[in-house]
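The structure appears right after this line, and notes come after that.
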C-alpha cells in the first residue's frame, strides 16, 4: 500500500492547482451511501479546488462539507438557474459515483426517464459551453427500453470520459457505442476508504450472535415486495429458533421519502421472535460502528455490503437490482445471494446464514483480502481522476500520462 500511495502522491504533486469543479450526484436525500460517495470523492480530489455541489437538502450538505472544503451548495430541485450558472462558471464537470444512468422503478413514483433526461440536458449544456465532463465510478442500469438505451447512448457520446464500477455497466456502455479508450472499469469509489475499525469485537462466552439487517423498498418488482418480506421473516425466525441471536436494524436511509429503510425494518423486525435493536445512524461512521459490532450483515443496499467487506464482516446479499447482483459477483458471494424479486426460499436463506456464521472467521479473512485488493486499484483510479481534473483529456491513456 505504501509504494502505491507514494506513487500516487508523486504523480499528484505535478498537477495540483485550483480548479472550479461542478460535482453532481444524488445528494441530500438522507441516503448514507450517497453522502459517503460525496465525502469520498471530495476527499480524494482534494482541498485545492473550489466546488459547487447539488443537493436536495443544501443546508445538510453544506454542514457536511463546509469545514473541510471550499464549497457552494445549490438546490437540485428548485435552483435550475443556479445549475446553469455553475456549469458556465466551472472548469470541469464531474458526475461522481452511483447508478446515475438508469430508468426509475415504478415504486419511485416518477417518470421512468426523468433522471436520464435531466442528465442528458446537463451534459448537452456543458458540451455547448465547452466544459469537459467526466462520469467517474458510475453504474449503468437498469435500462431495458429502446428509448432508455438511446438516452444513455446520447449521454455517453457527449461526455469526455467514463469510468464504471462493474462489468455489466462496462458491457452496456460498449454495447451503445462507447469506445474502449473512453470507458474503463474501476471499483466502486468507497473501496478507496480505509478504516481503523478493522476488527471483530471480542465475544463474551454465551453472548448472542449479532446479525444486522438492511432493507430497501426501491425494488424492480414491487408487486413481489410484501411476499418477499413475509418469507424473510420466516427465515429470520428459523435462524432465531436454531441459534441464540439478536437482530440489529441497519438502515442506510432514515428520511427524505416515504417508506425509508428504517420504516421497513421496524415493520419487519417486530415480527421476529428474537431480541431486536433499532438504530437510526446519521452517517457512515455510525453505520461502520454498527457493522463492526455484528457477526453477520444481511443487506440489500450496495454500500452496506461494501462497508461490511471493508470491515471484514461476513455478508449475505439481497440483490434488488443489477448493481447489487454485480457486486455479489465481484465479492464471490453469489451462492449466498437471494434476489428480492425472485421467490425466496426461507429454508435456503436460513441455511446460508447458518453456514456463513459457522465459517465466519475464514470468510472474514477472505473479505479483508478482497477489500485490500480493491483499495489498491481504487487508489490508482482516483489518481487518474485527479490528473484529469487538472488537465482534462478525451482518453484514459492520455489522462494516465
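Please treat every number below as a calculation from the coordinates, not as lab data. Since the structure is predicted, the reported quantities are computational estimates derived from the model, not experimental observations. Note that each Cβ is placed from the backbone with ideal geometry, even for glycine, and that neighbours are counted across all protein chains shown.
FRET efficiency for residue 361 and residue 89, Cβ-Cβ distance as r, R0 = 35 Å, nearest 0.05? Computed FRET efficiency for residue 361 and residue 89: 0.05. Where does helix 146-158 land angle-wise versus the long Cα axis of the chain, in degrees 0 to 90, nearest 10? Helix 146-158 sits roughly 50 degrees off the main axis of the chain. For region 209-358, the relative contact order is 29 percent, taking Cα pairs closer than 8 Å that sit 6 or more residues apart in sequence and dividing their mean separation by the residue count.
Percentage of Cα-Cα pair distances in region 209-358 greater than 18 Å, rounded to whole percent? Looking at region 209-358, the distances longer than 18 Å represent 52 percent of pairs. Pairs of Cα atoms under 8 Å, at least six residues apart: use those to get the relative contact order of the chain, whole percent. Relative contact order for the chain comes out at 17 percent.
Judged by the mean number of other Cβ atoms found within 10 Å, the most tightly packed of the peptides 313-323, 177-187 leads the ranking 313-323, 177-187.
Taking each residue as 0.36 nm, the span from residue 351 to residue 277 lengthens on full extension beyond its C-alpha to C-alpha distance by 24.3 nm. Compute the label zone of residue 185 within region 153-174: residues whose backbone N is under 14 Å from the point 7 Å along Cα-to-Cβ. Correct set: 163-174. As a calculated quantity, the FRET efficiency between residue 227 and residue 195 at R0 = 35 Å, using C-beta atoms, amounts to about 0.40. For Cα extents along the principal axes in Å, the value calculated from this model appears in (i) 91, 64, 47; (ii) 63, 47, 40; (iii) 223, 49, 33 under label (ii).
Rounded if a/c is under 1.5, else prolate if a/b beats b/c, else oblate: with a ≥ b ≥ c from the C-alpha gyration tensor eigenvalues square-rooted, which is region 298-344? Judged from the Cα gyration tensor, region 298-344 comes out prolate (a/c at least 1.5, a/b above b/c).
From its DSSP helices (H runs of at least four residues, each -39,500 (n - 2.57)), the chain gives a residue-normalised ellipticity at 222 nm of -14500 deg cm²/dmol. Within region 21-60, what residues put their amide N at less than 19 Å from the label point 7 Å along the Cα-to-Cβ vector of residue 266? Residues 30-32 qualify, since their backbone N sits under 19 Å from the label point.
Between the beta carbons of residue 117 and residue 293, assuming R0 = 51 Å, the FRET efficiency works out to 0.75 to the nearest 0.05.
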